[in-house]
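Here is the structure we will look at.
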Ligand code: TNX
């Protein structure tokens, strides 16, 4: 496989604890692959060969009207690493500005909803689109044209160059999703927000929250004014949220520890929705039923035919619980729950589950859906459900969430009647599956042995007799029986979520595994610098990005550089001082890598070296990792 090595020279003053570090000297620019690393792959992207765009301390973000929200996001993204002010302003652009150009006909023709154009050169970086969502997509592309160090939350030196390019881009599908199962193990509001912030880098625009299951109920439901059966909705979180998937049915423990418990107040939920919205991400809430409902049955006695609550069950078992399809209380309950969720959810979809209702009985299952579907429609929402729910006639536009082939005939029949499909075929999209048998966490029922990014990339979502217009998108479900917290969620997701995102964004004819793998190689550095965990797959030739600031000093000593080396076991560093002498430098990790933690940033410490004569020297730092060699240059100016 071809090795792509990228070298970025930056002058990182603030990041480094070098006492003598002062004003950055002129950096030496190196060639950057730019458009070749964009992910997902754009429809059209050409390097124009002009002078690159440079973000400087004088750069501004030019945006008016509805583009302001995107400008705010972009400013927040770029300020920490660059340390620049990047004021947001109206009016005319100056050299070096970022321009968010919003208006009818500005994006690629026929792709007004989410398309964008991006032009970068020495004059400006201009993103044009018909909608703020299109601008936001363009921002994600622009972000990837900048060096990976832009992801740093603390100041790093520049230069902040983006290759001169012309890009015109739009998605294949409008629904590009990930599903977080917060029922089996909880994620905090802050963790969900952070997960979303990473997902949007790949132009994911939908987050499905699996809020309830057998093991737990995670969303607070307020006591309604109209409560004929006197149901204690507070018990859903008081009792139902105390569970999680801790072990298999046979008692074998699951995951690295007990499942994380917790619940969301409605205010929490709204905070997630608002955060998602600010990133043009739609939240799809799911209340699973009639199966996968033990936590509800354990909370509210009247939901049970015998009026007695079930015990909570913290095994991963499913398929044993059901709501009573013939009890009016069931529908009274769902009307309240779905009504409150619909009010809190600006997005068009309400997901009602419908999977694995193994003890409901077929007729009862049909009865249940025929009652619940109209409730969803009456709330002004589009019903969405796992593919089993295609057993009944669905309202036009309802979305079948396709996870396994067993009910394909039903799906095709409902699609012929106007239903749409989101594809999550388990074997190529389930993010909870182990990468291979050595993965310390993950299940393996849907994908065995070889389940890395390549498998999640190399499939076509329009298949099984479906046509392009039947499918509205793709989602990667992250079930959480084995996941404990954000870092583990990230480890199972990245880089496979990038594969799924490209399946959803990029036209099939433009997709190619070798090309994708090459583009993936620079993602490791970006995630590392952003502080996002991932699995550094051995199949990816991960690049090393070095940040070595130029210095003014007579004596070089201490920390001189930082670098990323996602796959490196033991990197080596050598330093050519530029005065005819050379020495090995010491390399130390700044974080500890582990079986579930990607290696983080490394730092390079130089042995003391005194320049005998005054002058300006060009030093060369070479990092050798098990997968390749990266070099960078920086200057040492001895007159202070
Ligand atoms: C199947 S996919 C399930 C989930 C489990 C998952 C584990 C689907 C609709 N149901 O309840 O969490 O497998 O991989």
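Readers should treat all values here as calculations from the given coordinates under stated rules, not as data from a laboratory. Treat the numbers as computed from the prediction; the structure is a model and nothing was measured. Quick reminder, even Gly has a Cβ in these numbers, built from the backbone with ideal geometry, and neighbours come from all protein chains shown.
Taking one quarter of the surface of the convex hull spanned by the alpha-carbon atoms of region 348-480 gives a direction-averaged projected area of 8.6 nm². The convex hull defined by the C-alpha atoms of region 175-520 has an orientation-averaged projected area of 16.1 nm². For the chain, the longest principal axis of the Cα atoms and the long axis of helix 68-82 meet at an angle of about 50 degrees. Sorted ascending by nearby beta carbons within 10 Å, beginning with the fewest, 559, 388 become 559, 388. Stokes-Einstein diffusion for region 546-638, with the hydrodynamic radius set to the Kirkwood value over Cα pairs and evaluated at 20 °C in a medium of 1.002 mPa s, equals 157 µm²/s. Across region 546-638, C-alpha contacts under 8 Å between residues 6 or more apart give a mean separation that, scaled by the residue count, equals a relative contact order of 38 percent.
Tell me, Kirkwood radius of region 322-381 from alpha-carbon pair distances, in Å? Walk me through the intermediate numbers first.
Values: mean 1/r = 0.0828 Å⁻¹.
One over the average 1/r among Cα pairs gives 12.1 Å for region 322-381.
The Stokes-Einstein estimate for region 44-169, based on a Kirkwood radius over Cα pairs and taken at 25 °C with 0.890 mPa s viscosity, is a diffusion coefficient of 173 µm²/s.
Quick one: 318, 46, 182, fewest Cβ neighbours within 10 Å first, how do they rank? Mind dumping the intermediate values first?
Details: 318 22, 46 12, 182 29.
Ordered from fewest to most neighbouring Cβ atoms within 10 Å, 318, 46, 182 come out as 46, 318, 182.
Under 8 Å for C-alpha pairs, at least 6 residues apart: give me the relative contact order for region 44-169, rounded to a whole percent. Can you show the working numbers first?
Details: 315 pairs, mean separation 43.7, N = 126.
For region 44-169, the relative contact order is 35 percent.
Using a simple spin-label model with pseudo-atoms 7 Å out from Cα toward Cβ, residue 467 and residue 557 lie 7.5 nm apart.
For region 515-599, the alpha carbon convex hull comes to 122 Å³ per residue, rounded to a whole number.
What fraction of the Cα pairs in the chain, stated in percent, has a spacing above 44 angstrom? Don't skip to the answer; put the middle values down first.
Working: 51899 of 204480 pairs.
Here the tail beyond 44 Å accounts for 25 percent of pairs.
Global size of region 437-512: 13.9, 39 Å for Rg and Dmax (C-alpha atoms, Rg to one decimal, Dmax whole).
For region 162-217, what is the convex hull volume of its Cα atoms per residue in Å³? Could you put the intermediate results ahead of the total?
Numbers: hull volume 5.0 nm³, N = 56.
Expressed per residue, the convex hull around the Cα atoms of region 162-217 is 89 Å³.
Mean sequence separation of contacting Cα pairs (under 8 Å, at least six apart), scaled by the length of region 345-384, corresponds to a relative contact order of 66 percent.
The modelled label-to-label distance between residue 438 and residue 359, using points 7 Å beyond Cα along the C-beta direction, is 4.1 nm.
Just to confirm the number: angle between the C-alpha axis of helix 132-145 and the first principal axis of the chain, 0 to 90 degrees, nearest 10? Approximately 40 degrees, to the nearest 10. Put in line by how crowded their Cβ is, counting other Cβ atoms within 10 Å and starting with the fewest, 562, 557, 610 read 610, 557, 562.
Between helix 266-278 and the chain there is an angle of about 50 degrees, using the helix long axis and the longest principal axis of the Cα atoms. Percent of C-alpha pairs per 10 Å bin in region 435-568, short distances first: 10, 34, 31, 15, 7, 3, 1, 0.
The Cα trace of region 133-275 gives Rg and Dmax of 20.6, 66 Å, the first to one decimal, the second as a whole number.
Counting every Cα pair in region 276-397, what percent are over 23 Å apart? Present the calculation step by step, with values, prior to reporting the outcome.
Working: 2217 of 7381 pairs.
Summing the P(r) of region 276-397 above 23 Å gives 30 percent of all pairs.
For region 324-356 and region 124-176, what is the separation of their Cα centres, given in Å? Cα centroid of region 324-356 versus Cα centroid of region 124-176: 39 Å apart.
What are the semi-axes of the equivalent ellipsoid for region 238-333, taken as the square roots of 5 times the Cα gyration tensor eigenvalues, largest first, in whole Å?
On the way: eigenvalues 133, 91, 28 Å².
Equivalent ellipsoid of region 238-333: 26, 21, 12 Å, largest first.
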